[in-house]
1. Rank these by accessible area, largest first, 1.4 Å probe: Cys709, Cys567.
2. Within a Cβ distance under 15 Å of Leu57, other residues only, what is the Lys/Arg minus Asp/Glu net charge?
3. What accessible area, in Å² to the nearest ten, does a 1.4 Å probe give for His203?
4. Using a 1.4 Å probe and ignoring any ligands, DNA or RNA, find the accessible area of Ile56 and quote it in Å² to the nearest 10.
5. At a 1.4 Å probe radius, carbon and sulfur cover how many percent of the accessible area of the stretch 23-113?
6. Taking the simple approach of a point 7 Å from Cα along Cα-to-Cβ for both Asn295 and Asp424, what is their distance in nm?
7. If Ser810, Ser202 are ordered by their accessible area, calculated over protein heavy atoms with a 1.4 Å probe, which sequence runs from highest to lowest?
8. Could you give the accessible area per residue of the stretch 154-379, probe 1.4 Å, as a whole number in Å²?
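The values are calculated or read from the model by the stated rules, or taken from the named source; none is laboratory data. Remember, it's a predicted structure, so these values are computed and weren't measured experimentally. Don't worry about glycine lacking a Cβ; one is built from the backbone with ideal geometry, like all the others, and counts go over all protein chains shown. Just the protein is used for accessible areas: all its heavy atoms, side chains included, with ligands, DNA and RNA removed. Shrake-Rupley method; radii C 1.70, N 1.55, O 1.52, S 1.80 Å.
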Amino acid sequence: MMAVTSSCKEGTKIAMDNGKYVRYTPEQVEALERLYHECPKPSSMRRQQLIRECPILSNIEPKQIKVWFQNRRCREKQRKEASRLQAVNRKLTAMNKLLMEENDRLQKQVSQLVYENSYFRQQTQNTTLATTDTSCESVVTSGQHHLTPQHPPRDASPAGLLSIAEETLTEFLSKATGTAVEWVQMPGMKPGPDSIGIVAISHGRSGVAARACGLVGLDPTRVAEILKDRPSWYRDCRAVDVINVLSTGNGGTIELLYMQLYAPTTLAPARDFWLLRYTSVMEDGSLVVCERSLNNTQNGPSMPPAANFVRAELLPSGYLIRPCEGGGSIIHIVDHMDLEPWSVPEVLRPLYESSTLLAQKTTMAALRHLRQISQEISQPNVTGWGRRPAALRALSQKLSKGFNEAVNGFADEGWSMLESDGVDDVTLLVNSSPSKMMGINLSYGNGFPSMGNAILCAKASMLLQNVPPAILLRFLREHRSEWADSGIDAYSAAAVKAGPCGLPVARGGSFGGQVILPLAHTIEHEEFMEVIKLENMGHYREDMIMPGDIFLLQLCSGVDENAVGTCAELIFAPIDASFSDDAPIIPSGFRIIPLDSGMDASSPNRTLDLASTLEVGAAGNRSTGDNSGRNGSTKSVMTIAFQFVYEIHLQENVATMARQYVRSIIASVQRVALALSPSNFGSHAGFRTPPGTPEAQTLARWICQSYRCYLGVELLEYEGSESILKTLWHHTDAVLCCSLKALPVFTFANQAGLDMLETTLVALQDISLEKIFDDNGRKALFAEFPQVMQQGFMCLQGGICLSSMGRPISYERAVAWKVVNDEENAHCICFMFVNWSFV
């Protein structure tokens with residue numbers, strides 16, 4: 001032990017069997033280091049091979065080589081741990097500084113509130129309450145008191161702009177570090193070494209406001225450069241155009257900007273801003289970038305209203321960036337906007353009146369983007385897809401931007417609306433502009449690309465009640481077969497087919513007719529991207545069958561149920577197997593935005609994993625005062641947009657197909673949302689099975705007890721700490737229950753059973769027992785079925801059955817037994833298919 005410790009401290013020593021130390025020569029150390037970088041933990045045979053291949057090590061025993069590698073790994077581990085602790089210490093020091101500043105600001109705010117309270121109390125004591133006056137003069141005076149004062153136009157000459165810039169700087173700093181705004185810590189955001197920073201929102205100001213303070217590992221100049229490029233990190237930002245640039249005498253810069261934001265849904269218009277941005281360096285070396293809207297100005301540049309946009313107002317906002325000791329920057333971010341909620345339907349106004357949503361989509365997004373870039377610089381690793389994180393981040397931006405363009409359908413991008421078919425639930429847009437179609441080929445079996453291509457977008461929005469966006473989005477991701485049409489997927493994929501090359505990946509996990517390839521990469525804290533390969537279900541329409549595999553590049557965000565006011569998105573685009581970073585993509589997908597975040601109300605924690613879901617029911621509601629179910633909003637708006645490439649002469653047919661497809665998706669989503677709503681869950685957040693059936697925990701117990709009773713052995717092997725239901729749910733064999741009816745239908749299945757039938761808990765009850773067997777299987781089943789009711793069980797030899805998608809499944813054997821309840825009455829029939837696999 002002493003030899004190992006000593007060698008950890010001195011890399012050129014080695015412990016001999018007799019306890020003496022012998023030094024390695026520099027050449028031997030160099031050779032060992034080179035071998036260590038090739039293989040840090042060589043096996044015994046590999047160590048002997050190293051000695052044979054490297055003559056300079058021939059005088060060293062294999063045991064000594066083993067000890068050297070152990071010590072080298074020890075030093076590497078110590079080095080990494082020391083580096084990690086230094087980084088944590090720097091972050092804690094910076095966070096401590098931020099917290100001290102926040103504490104000072106709160107103390108000032110308390111002092112100000114105490115002074116104001118004392119002042120108002122004195123005024124109340126010295127003022128005699130006036131009697132109510134109902135005269136016309138009094139009424140007019142009272143009405144005038146609430147009128148918004150009309151300010152004279154501001155001077156927009158260079159001198160006037162400098163005055164506005166200095167005023168903006170002062171107001172911004174009073175919000176960032178002063179007491180101009182009463183900030184309230186955002187629910188769910190607790191400062192700490194692993195947190196994104198200190199995030200606060202305001203309820204008492206006009207418009208919506210959010211503030212964040214955090215530490216990033218970038219120098220202030222780089223931070224300012226990144227944040228100024230708003231379209232690179234703010235997904236809702238369509239464009240920022242610099243109209244004019246002025247230099248100030250103090251070394252600062254004034255810029256006049258025109259910014260456009262995408263509308264998040266088809267039910268509201270987009271926003272635009274006419275802005276002044278002021279960049280300057282303060283006396284303490286801090287870098288400040290502050291902005292505000294330029295409304296009601298004269299004697300200078302102006303920006304007239306744009307068609308299809310609502311002019312919103314940015315109140316003094318910006319970034320205070322201070323250099324941090326030991327490297328990096330401490331940054332204060334303030335976002336304060338008036339998004340003109342009057343311009344949208346009343347049901348959508350919470351989207352434009354929520355400071356929480358502003359914090360999630362803008363303020364925190366900026367901090368996450370900075371931290372992501374810092375991590376990419378410090379750890380420039382290549383992912384399993386052969387792409388660096390920055391390239392994958394650019395792809396995620398490309399997917400998001402393409403989806404936003406489809407949702408908004410701006411005329412200046414070439415979109416035009418098609419006439420309605422009399423029902424206004426789905427809107428159709430077409431785009432045949434050359435810039436949009438560049439690089440997209442729609443290929444047919446003859447090998448010739450078609451001419452005159454165009455893109456059709458079918459989009460719609462719908463209001464959802466009582467379904468958490470995160471749960472619904474996870475269902476859409478994991479159970480694509482519940483809503484997608486495989487033939488249309490194949491048709492869409494044909495537009496990007498380029499060659500027979502395959503992606504260098506292995507088969508991954510299966511979810512409802514799709515294969516998740518192990519290419520998932522986390523872009524940010526709550527967002528990840530993956531490639532999925534759709535399995536051929538054999539249902540492609542003959543005119544749409546295309547050779548080769550179907551791949552989708554997919555972006556998923558907002559799947560955390562505990563996040564506050566988070567927008568959930570599932571955006572995907574067909575890609576070719578030889579997909580390149582600059583290849584054109586045609587995104588489609590879903591966006592679900594909560595209309596009331598429910599940040600102060602608890603809601604049940606639910607999950608699509610049946611076992612973990614049902615355990616809550618037995619233990620009671622886990623959602624207490626910690627707001628663990630904050631995402632259980634009562635209302636949300638879902639926006640759907642699907643894009644199709646087509647030949648212009650087929651426009652009418654494609655338009656009809658697109659309308660029908662999106663309407664079928666809407667119907668599927670409504671059905672799924674109804675099944676996932678709290679009304680279909682027990683009062684203790686547990687899954688509620690159909691009327692007349694027991695709770696799933698009880699059903700699992702009945703299944704196991706009946707199996708032991710009739711077959712004399714235990715069905716499950718489980719530890720006492722795990723519930724029967726959880727063990728049954730994760731059992732490797734498919735376990736399915738069917739009803740005792742003339743036409744038995746399935747009522748319960750574990751995860752393996754759902755995978756075998758290629759279905760979900762929602763759709764399981766639409767599958768009858770006879771559907772999964774062919775003619776011979778049905779004859780054998782019905783011939784021996786009475787045996788189950790008489791003696792309690794039966795065994796079936798191995799054979800073939802069918803999934804709900806029609807795919808053949810082989811199984812080694814099957815067992816069926818009668819499930820009885822506590823009163824020993826027959827409740828259902830349970831089947832277990834052993835060692836099943838798709839043929």
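1. Cys709, Cys567
2. With Lys, Arg at +1 and Asp, Glu at -1, the net is +2.
3. Its heavy atoms expose roughly 130 Å² to the probe.
4. It works out to around 70 Å².
5. 54
6. It works out to 2.9 nm between the two label points.
7. Working: Ser810 35, Ser202 5 Å².
From most accessible down to least: Ser810, Ser202.
8. On the way: 8570 Å² over 226 residues.
Per residue, the stretch 154-379 has 38 Å² of solvent-accessible surface.
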